[in-house]
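Structure first, then comments.
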Amino acid sequence: MTGSGPSLVLVHGVGKGGQSAFGHLVDQFAERNTVILPELAGSEAAEDDGGDLTIEALAEQVSAVITHAGTEPVDLLGFSLGGSVVAATAALHPEQVRRLVPVGGLVRTDAYMRNLIGLTLSLAHDPVAFGRVLTTTAFSPRYINSLDSMADIDKLGAELSPSRGRLRQLELLIRIDLRGLVEKVQAETLVVACNPDAAVPTEHSRELHAAIPNSAYLEMDSGHMVLFEQPQEFLKLVNEFLHKP
């Protein structure tokens, strides 16, 4: 926890964890919020029983973090897999959430994503190839072409190495189906989509928006990793939503 003001919980997706996803934005968010950065099961900092992950179990972890912080209701922002987790948290614990921001999230996995994730998992024995598949789909061509060399691209991929936790997170992505749950969200919601997004295609955010009653919707000109491709634009639009009257 850091900062002061209304509490904002930032929930990571597939990757090393909260610091890896949001660390470069925490200080700026903390200028107006008390920022809470959990490390969920599958992240490198978390320890659990090593079993299969579920969205409901991750949502309960987020709920427990909110309870422990003692500052509810909170604003809740989740990225990618975390976007689905925060939507489930808001549906299961409406009293804990004031405003909700799912970014690049999804209601259910489709054949395209099962095919992509299956390909990625099949390369778990080859960390470089594994990372290259993830970076190719997570970042836009414009962003990748802005890098100086393949070594820089592979450095991005090394952040997404095939650890056991990462594989468990990807295996969960194959099984996501929140139909019948996200419709129960009561919090004021802004669904943020990335376009073009080859990792969790834009249509998934549109489906999430359609499923959450009275939600607003916004698309950003970015690949899936909008937190890194458009950090200042992202920070601005989130703050405008969280701090509006």
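The values are calculated or read from the model by the stated rules, or taken from the named source; none is laboratory data. Values in this document were obtained by computation on a predicted structure and should not be read as measured data. Here Cβ is always computed from backbone atoms with ideal geometry, including for glycine, and neighbour counts include all displayed protein chains. The accessibility values were calculated without ligands, DNA or RNA, using every heavy atom of the protein model including side chains. Shrake-Rupley method; radii C 1.70, N 1.55, O 1.52, S 1.80 Å.
Below is a table of values for the structure above.
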{"read-out": "Residue list for region 169-211, restricted to those being farther than 30 Å from A124 by Cβ and without any contact (Cβ under 8 Å) to a residue 24 or more places away in the chain", "value": "G180, R206, H209, A210"}
{"read-out": "Close pairs from region 15-37: first free of Cβ contacts under 8 Å to residues at least 60 places away in the same chain and closer than 12 Å to G5 by Cβ, partner of a type in the set (V, I, T) and open to solvent by 10 Å² or more (accessible area, probe 1.4 Å), Cβ under 6 Å, at least 6 apart", "value": "A30/T2; V35/T2; V35/V26"}
{"read-out": "Lone unmet requirement of (1) in contact (Cβ under 8 Å) with a residue 24 or more places away in the chain; (2) out of contact with any strand residue (DSSP E or B) (no Cβ under 7 Å at 6 or more places or on another chain); (3) closer than 23 Å to F22 by Cβ for L123", "value": "(3)"}
{"read-out": "Residue in region 186-207 that is farthest from H93 (Cα to Cα), counting only those that are of a type in the set (A, V, I, L, M) and out of contact with any helix residue (DSSP H, G or I) (no Cβ under 6 Å at 6 or more places or on another chain)", "value": "V200"}
{"read-out": "Residue pairs meeting the criteria (Cβ under 6 Å; at least 6 apart or on separate chains; first β-branched (V, I, T), in region 57-76; second surrounded by 19 or more Cβ atoms within 10 Å (Cβ to Cβ) and assigned to a loop (DSSP other than H, G, I, E, B))", "value": "V65/P38"}
{"read-out": "Failed item, numbered, when L116 is tested on (1) modelled with pLDDT under 95; (2) farther than 19 Å from L8 by Cβ; (3) open to solvent by 10 Å² or more (accessible area, probe 1.4 Å)", "value": "(1)"}
{"read-out": "Test result for P162, in contact (Cβ under 8 Å) with a residue 40 or more places away in the chain and open to solvent by less than 50 Å² (accessible area, probe 1.4 Å)", "value": "no"}
{"read-out": "Helices (runs of 4 or more DSSP H) completely within region 24-113 that count 2 or more residues being closer than 20 Å to Q230 by Cβ and in contact with a Leu (Cβ under 8 Å, 6 or more places away or on another chain)", "value": "26-29, 81-92"}
{"read-out": "Candidates I55, I66 - the one that is surrounded by fewer than 24 Cβ atoms within 10 Å (Cβ to Cβ), among the aliphatic types (A, V, I, L, M) and closer than 14 Å to L181 by Cβ", "value": "I55"}
{"read-out": "Subset of region 126-143 (residues that are part of a loop (DSSP other than H, G, I, E, B) and without any contact (Cβ under 8 Å) to a residue 24 or more places away in the chain)", "value": "D126"}
